[in-house]
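The values are calculated or read from the model by the stated rules, or taken from the named source; none is laboratory data. Remember, it's a predicted structure, so these values are computed and weren't measured experimentally. As a convention, Cβ positions derive from the backbone with ideal geometry for all residues, glycine included, and neighbour counts pool all protein chains shown. Note: areas computed on protein heavy atoms with side chains; ligands, DNA, RNA excluded. Shrake-Rupley method; radii C 1.70, N 1.55, O 1.52, S 1.80 Å.
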Amino acid sequence: MIGRSIKLSIGDITVWKDDYGIAKITMESGHSSDDSLLLEAQRQLLEYDKGKLKYFELPLSLHGTNFQKKVWNELLNIPWGKTISYSEIANNIGHNKAYRAVGTAVGENPVPIIIPCHRVIRKDGKLGGFALGTLIKYKLLSIENDKYV
């Protein structure tokens, strides 16, 4: 896997790719591949960070269980600037009582931001957890919605 570091308003991230597409995003820096896909991912992420890009168009290489992939695909349906609860996702994928399993799958999303797991909140409207940290979740939501500024 090769990676490219990007400075965003939320901090330094690295986007990683394998032979099939974007495979992972981590909170670190120091990687500088000039691979064309990673440069395109950087361009799109910088546009997103400015509030100008609402939908990513990047090939993804997702490794997970069928259930995880089902959840991650459902996350792609959450519109820019909107939020949804874990239980709503469970209902949407036909697993009404699996909201805890949905939460686990959301937390294991390998490409946060691109697959917008930050848009998933608790049923009571509170932010809930986030693999990259609650402050970063709040910052990502504030890029998309003035309600969180």
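In segment 40-68, which residues are open to solvent by 70 Å² or more (accessible area, probe 1.4 Å) and not in a loop (DSSP other than H, G, I, E, B)? Quick ask: steps written out before the conclusion?
The first filter runs over segment 40-68 and keeps only residues open to solvent by 70 Å² or more (accessible area, probe 1.4 Å), leaving 43, 50, 52, 54-55, 57, 63, 65-66.
Within segment 40-68, ARG43, ASN66 meet the criteria.
Report, ordered by the first and then the second residue, all pairs with beta carbons closer than 9 Å, sequence separation of six or more or different chains, a first member in segment 88-106 that is on the phi < 0 side of the Ramachandran plot and among the acidic types (Asp, Glu), and a second member that is surrounded by fewer than 15 Cβ atoms within 10 Å (Cβ to Cβ) and at pLDDT below 95.
Listed pairs, sorted by first residue: GLU88/LYS123.
Which condition breaks for LEU132 when tested against (1) at pLDDT 95 or above; (2) buried (at least 19 other Cβ atoms within 10 Å of the Cβ)?
Here LEU132 meets the rest and fails (1).
Go through (1) under 25 Å from ILE6 (Cβ atoms); (2) hydrophobic (A, V, I, L, M, F, W, C); (3) surrounded by 14 or more Cβ atoms within 10 Å (Cβ to Cβ) and name the single condition ILE84 misses.
The number of the failed condition is (1).
Condition check: touching a helix residue (DSSP H, G or I) at 6+ places or on another chain (Cβ under 8 Å) and free of Cβ contacts under 8 Å to residues at least 40 places away in the same chain. Does ILE78 satisfy that? It would help to see each step written out before you state the result.
Values: touching a helix residue (DSSP H, G or I) at 6+ places or on another chain (Cβ under 8 Å): yes; free of Cβ contacts under 8 Å to residues at least 40 places away in the same chain: no.
No.
Could you check, for segment 15-37, whether at least one of its residues is open to solvent by 40 Å² or more (accessible area, probe 1.4 Å) and part of a helix (DSSP H, G or I)?
Within segment 15-37, one or more residues are open to solvent by 40 Å² or more (accessible area, probe 1.4 Å) and part of a helix (DSSP H, G or I).
Condition check ((1) modelled with pLDDT of 95 or more; (2) more than 20 Å from ALA23 (Cα to Cα)) across all residues:
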position: LEU46; (1), (2): yes, no
position: LEU75; (1), (2): yes, no
position: SER85; (1), (2): yes, yes
position: ILE143; (1), (2): yes, yes
position: VAL149; (1), (2): no, yes
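Going through GLY125, GLY94 one at a time, which residue ends up being over 23 Å from ILE22 (Cβ atoms) and at pLDDT below 95?
Details: GLY94 fails: at pLDDT below 95.
Unique residue meeting the criteria: GLY125.
Scanning segment 5-14 for residues that are open to solvent by less than 70 Å² (accessible area, probe 1.4 Å) and either over 17 Å from the mean Cα position of the chain (by Cα) or hydroxyl-bearing (Ser, Thr, Tyr) (or both), which turns out nearest to TYR138 (Cα to Cα)?
Of the residues in segment 5-14, the ones open to solvent by less than 70 Å² (accessible area, probe 1.4 Å) are 5-6, 8, 10-14.
Those left that are additionally either over 17 Å from the mean Cα position of the chain (by Cα) or hydroxyl-bearing (Ser, Thr, Tyr) (or both): 5, 14.
On the way: SER5: 22, THR14: 20 Å.
Across segment 5-14, the extreme among qualifying residues is THR14.
Does segment 61-76 contain any residue that is within 14 Å of the chain's Cα centre (by Cα) and of a type in the set (Lys, Arg)?
Here is the first cut: in segment 61-76, the ones within 14 Å of the chain's Cα centre (by Cα) are 61-62, 68-69, 71-76.
Going one step further and asking which of them are of a type in the set (Lys, Arg), we end up with 69.
The answer is yes, given that some residue of segment 61-76 is within 14 Å of the chain's Cα centre (by Cα) and of a type in the set (Lys, Arg).
Across segment 117-128, what is the number of residues that are without any contact (Cβ under 8 Å) to a residue 40 or more places away in the chain and surrounded by 15 or more Cβ atoms within 10 Å (Cβ to Cβ)? First the steps, then the outcome.
Within segment 117-128, the subset without any contact (Cβ under 8 Å) to a residue 40 or more places away in the chain is 118, 121-127.
If we keep only those that are surrounded by 15 or more Cβ atoms within 10 Å (Cβ to Cβ) as well, we get 118, 121-122, 127.
Total meeting the criteria: 4.
Before we move on, is THR134 without any contact (Cβ under 8 Å) to a residue 24 or more places away in the chain, within 19 Å of GLY11 (Cα to Cα) and β-branched (Val, Ile, Thr)?
It is true that THR134 is without any contact (Cβ under 8 Å) to a residue 24 or more places away in the chain, within 19 Å of GLY11 (Cα to Cα) and β-branched (Val, Ile, Thr).
From the list GLY94, GLY103, GLY107, exactly one residue is in contact with a Cys (Cβ under 8 Å, 6 or more places away or on another chain) and open to solvent by 20 Å² or more (accessible area, probe 1.4 Å). Which is it? Give the steps one after another, and end with the answer.
Numbers: GLY94 fails: in contact with a Cys (Cβ under 8 Å, 6 or more places away or on another chain); GLY103 fails: in contact with a Cys (Cβ under 8 Å, 6 or more places away or on another chain).
Just a single option satisfies the conditions, and that option is GLY107.
Can you tell me how many residues in segment 1-11 are outside any loop (DSSP other than H, G, I, E, B) and either touching a residue at least 24 places away in the same chain (Cβ under 8 Å) or closer than 20 Å to ILE115 by Cβ (or both)?
7
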